[in-house]
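What follows is a set of notes on a single structure, which appears directly below.
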Amino acid sequence: MFYALAPYWWAFVGRGVFAIVYIIIAIAWPGITVANLILLFGAYVFIDGLILTFKAIRNWQAKEDRWLLLLEGLLGTGIGLLTFIGARITIRILFSYIMAWSLATGILKIVEAIRLRKELADEWWMLMSGFVSMLLAFLLMFFFDVGTVGLAYMVVIYAIVYGIFMATLGFKLRKARNRNR
């Protein structure tokens, strides 16, 4: 798993930075609507899915556990597309897409971290990103009645934590890759 992920350390850093940029936009643009925040999140999920799909397909035979990356990538791309296509549907349904994505991504990240543990000591950053993703899904599931602004704040807080975890994991992968050369 390490050899499948290490060359793409920059993608983890990029995913983390994009999540943090999402937050900066949300804070710096106070007039932005919840619907636009969700569409921006959909753009993040879509781009993230494309990157993961690309990583999984590239050198398919050389990668162990490539199906995890491919599944996560296709899921992200699909949820991103559903968010754009469903932009006219209710905000609650769009939050359901985010909930489904974060639950599935969380489970896949935890499985990836367990498999990565064999090769990298700092896999807990990925493990924690999986737990944070699952936590977001459960918060959205159980507190769905807090209103759209409350739900949006949950997504914003998630993006901050997830962004930090992904960027840190990317730098840890880069350091380990350079050490193993």
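The values are calculated or read from the model by the stated rules, or taken from the named source; none is laboratory data. This is a predicted model, so every value here is computed, not measured. Please note: Cβ atoms are built from the backbone with ideal geometry, for glycine as well, and neighbour counts cover all protein chains shown.
Quick notes
- Residue check, residue 165 within 20 Å of the chain's Cα centre (by Cα), assigned to a helix (DSSP H, G or I) and modelled with pLDDT of 85 or more: no
- The set of residues in segment 118-144 being aromatic (Phe, Trp, Tyr) and part of a helix (DSSP H, G or I) consists of 124, 125, 131, 138, 142, 144.
- Residue in segment 136-159 that is within 24 Å of residue 55 (Cα to Cα) and of a type in the set (A, V, I, L, M, F, W, C) present: yes
- Helices (runs of 4 or more DSSP H) lying entirely in segment 1-117 (those with 1 or more residues that are closer than 25 Å to residue 157 by Cβ, at pLDDT below 80 and touching an Asp or Glu at 6+ places or on another chain (Cβ under 7 Å)): 9-28
- Verdict on residue 159 being in contact with a Ser or Thr (Cβ under 9 Å, 6 or more places away or on another chain), crowded, with 16+ Cβ neighbours inside 10 Å and either in a helix (DSSP H, G or I) or at negative phi (or both): no
- Of all residues in segment 122-131, those that are surrounded by fewer than 19 Cβ atoms within 10 Å (Cβ to Cβ) and farther than 14 Å from residue 172 by Cα total 1.
- Residue ID - surrounded by the fewest Cβ atoms within 10 Å (Cβ to Cβ), chosen from residues in segment 103-121 that are in contact (Cβ under 8 Å) with a residue 40 or more places away in the chain and of a type in the set (Lys, Arg): 118
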